[in-house]
Amino acid sequence: MAKRTVIPFGPQHPVLPEPVHLDLVVEDETVVEAIPSIGFIHRGLEKLVEKRDYSQMVYVIERICGICSFGHGWGAAAAVEGAMGVKVPERAEYLRTILHELSRLHSHLLWLGLLADAFGFESLFNHCWRVRETVLDILEKTTGGRVIFSICKVGGLNKDIDNETLKEIVETLEGIKAEIKELTDVFIEDDSVKNRMVGVGVLSKADAEELCAVGPVARGSGVYQDMRMTNNHGVYGELDFEPVIETAGDCYARCKVRIGEVFQSIELIAKAVAKIPEGPVSVPVKGNVEGEYMLRLEQPRGEAFYYAKGANSKFLQRMRVRTPTNMNIPALVKTLQGCDLADVPILILTIDPCISCTER
C-alpha cells in the first residue's frame with residue numbers, strides 16, 4: 001500500500017496567478033484528496049457598507065477583482081437600483097452590455113495566456129497577452145482605466161461613449177479576429193497542448209449540477225446555463241445568442257468553451273452597437289435605500305450573485321456578493337481527486353480562479 005503524504009500547495013507557487021491554498025493528500029504521484037484553505041487574503045470589503053454610502057459602495061465592490069471589475073460595479077449598481085426602483089436609460093443598458101463583453105474578452109484572453117504559461121508554452125502566453133492589449137486599449141479609451149474603470153454608477157454610467165467610437169471598437173475587434181483564431185487554433189489543434197488537457201480533470205454533468213458549478217466550468221460539462229439568457233440583465237435578450245456548450249467535461253472542453261465565448265463576445269458587441277439607441281446614459285438618483293434586491297449576473301468566470309438591503313438611509317444595511325470562484329471550488333476539489341500531481345496547476349487554472357473575489 002502506498003504511503004500517503006500531505007503536500008501544501010500554494011498560496012505562493014510559480015504557476016499560480018492567484019494565492020490558492022490547498023493541502024494535497026497524495027499516494028505516490030496521485031492526488032487522493034484536496035483540502036482548500038480559505039481566508040489568506042480576506043479584506044472584508046462587504047463590511048464597508050457601515051462607512052461608505054450606497055453610491056460609494058459601487059466603487060468599493062468594483063475593487064473586489066481587477067479582472068471582473070466592471071461586472072462587479074454593474075452588479076452592485078444594479079442591486080441598489082433594484083432596491084430603490086430606479087429605471088436605467090436604455091442607452092446605458094446597451095453600453096453596460098458592450099463594456100461587460102469587452103471585459104469578458106479581456107478576461108478570457110488573459111486566461112488563455114496563463115494556461116499557456118502553465119504548460120510551458122511561453123511564446124503562446126506572450127502572444128495571447130499581446131492581443132489582449134488591444135482590448136485594454138479600447139477600455140482605456142472609453143472608460144479612462146485599464147483595470148478599474150469606475151464608469152458604472154447608481155442610475156447608469158458616468159460618461160457616454162459616442163457612436164463613432166463604438167463603430168471603431170467593432171472595426172478593431174473585427175480586425176483582430178483572424179489573429180485570435182490563429183492563437184486559439186493552437187489550443188484546439190496542437191498535439192502537445194491536447195496531451196496536457198484531453199481527458200484530464202473530468203467533471204461529469206451530474207457532478208457539475210450536484211456541486212453547483214457555474215460559468216465555463218459548468219458549460220464545459222454540458223450544463224445549459226448562462227445568466228445572460230436566464231436573468232435578462234442588460235440587453236442580452238435583444239441579441240439572440242445561445243450559450244457555448246461542450247460535453248466532455250475535461251480541461252480541453254473548458255478551454256474550448258472560453259475560446260468559443262471570445263468569438264461570441266465580439267459578435268455580441270457588434271450586434272449591440274448596431275442596435276444602440278440615442279438618449280441619456282444616466283438618471284438622477286436621490287433619497288435613501290429602503291428595500292432589498294438581488295440579481296444574478298454572468299461574469300467571465302460564471303454566475304455572480306449580488307444582494308443589497310437598505311437601512312432607510314444613504315447607507316446599506318447589507319451588501320452581499322457571491323462570486324463564481326466561490327461556487328467552483330467544490331468542482332475543483334472533485335476534479336483534483338485522482339489526478340496526477342503534475343496536472344494540479346492545469347486543473348486549478350481551468351476553473352479560472354479569482355481568490356481575491358472569493359475572499360472579499
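The values are calculated or read from the model by the stated rules, or taken from the named source; none is laboratory data. Here the structure is a predicted model, which means the values were calculated and not measured. Cβ atoms come from the backbone with ideal geometry, glycine included; neighbour counts cover every protein chain shown. All accessible areas refer to the heavy atoms of the entire protein, side chains included, with ligands and DNA or RNA removed. Shrake-Rupley method; radii C 1.70, N 1.55, O 1.52, S 1.80 Å.
Once you mark the chymotrypsin sites (Phe, Trp or Tyr not before Pro) that are in a DSSP loop and have at most 16 other Cβ atoms within 10 Å, what is the longest gap between them in the chain? Free of exposed loop sites, the longest segment is 41-223.
Charge dipole of region 20-85 (Cα centre as origin; +1 on each Lys and Arg Cβ, -1 on each Asp and Glu Cβ, all else neutral): 640 debye, rounded to the nearest 20. A simple charge model with +1 on the Cβ of Lys and Arg, -1 on the Cβ of Asp and Glu and nothing else charged puts the dipole of region 222-305 at about 200 debye relative to its Cα centre.
Overall dimensions of region 240-360, expressed as equivalent-ellipsoid semi-axes from the Cα gyration tensor (√(5λ), whole Å, largest first), are 34, 24, 10.
Translational diffusion of the chain, estimated by Stokes-Einstein from the Kirkwood radius over alpha carbon pairs at 25 °C in a medium of 0.890 mPa s, is 117 µm² per second. Measuring only protein heavy atoms, the 1.4 Å probe finds HIS72 accessible over about 0 Å².
Within the chain, CYS128, CYS152, CYS212, CYS251, CYS255, CYS339 have no other Cys Cβ under 4.7 Å of their Cβ and so lack a disulfide-compatible partner by this rule. In the full protein context, region 239-360 carries 36 Å² of accessible surface per residue, based on a 1.4 Å probe and ignoring ligands, DNA and RNA.
Taking a ≥ b ≥ c as the square roots of the Cα gyration tensor eigenvalues, with a/c under 1.5 meaning rounded and otherwise prolate when a/b beats b/c, else oblate, which class fits region 163-275? Because a/c hits 1.5 or more and a/b fails to exceed b/c, region 163-275 counts as oblate. Among the DSSP helices (H) of the chain, none spans at least 30 angstrom by Cα along its long axis with an average Kyte-Doolittle hydropathy of 1.6 or more; this is a geometric and hydropathy rule only.
What is the Cα centroid distance between region 253-288 and region 136-187, reported in whole angstrom? One Cα centre to the other: 10 Å. Comparing CYS357, GLN337, PHE315 along the charge dipole axis of region 293-360, the residue lying farthest to the positive side is PHE315, per the Cβ-charge model.
Taken about its Cα centre, the chain carries a charge dipole of about 1400 debye when Lys and Arg each add +1 at the Cβ and Asp and Glu each add -1 at the Cβ.
Look at the dipole of the chain built from charges on Cβ: of VAL283, ILE64, ALA270, the Cα furthest out on the positive end belongs to VAL283. Rounded to the nearest whole Hz, the Karplus-based 3J(HN,Hα) values (6.51 cos²θ - 1.76 cosθ + 1.60, θ = phi - 60°) of region 276-288 follow the sequence 5, x, 7, x, x, 10, 7, 10, x, 10, 9, x, 9, with x at glycine and proline.
Rolling a 1.4 Å probe over the protein heavy atoms gives region 1-110 an accessible area of 41 Å² per residue. Counting Lys +1, Arg +1, Asp -1, Glu -1, what net charge surrounds THR247 among other residues with beta carbon under 12 Å of its beta carbon? That works out to +2.
Note on the chain: with neighbouring protein chains present and a 1.4 Å probe, carbon and sulfur make up 50 percent of its accessible heavy-atom surface.
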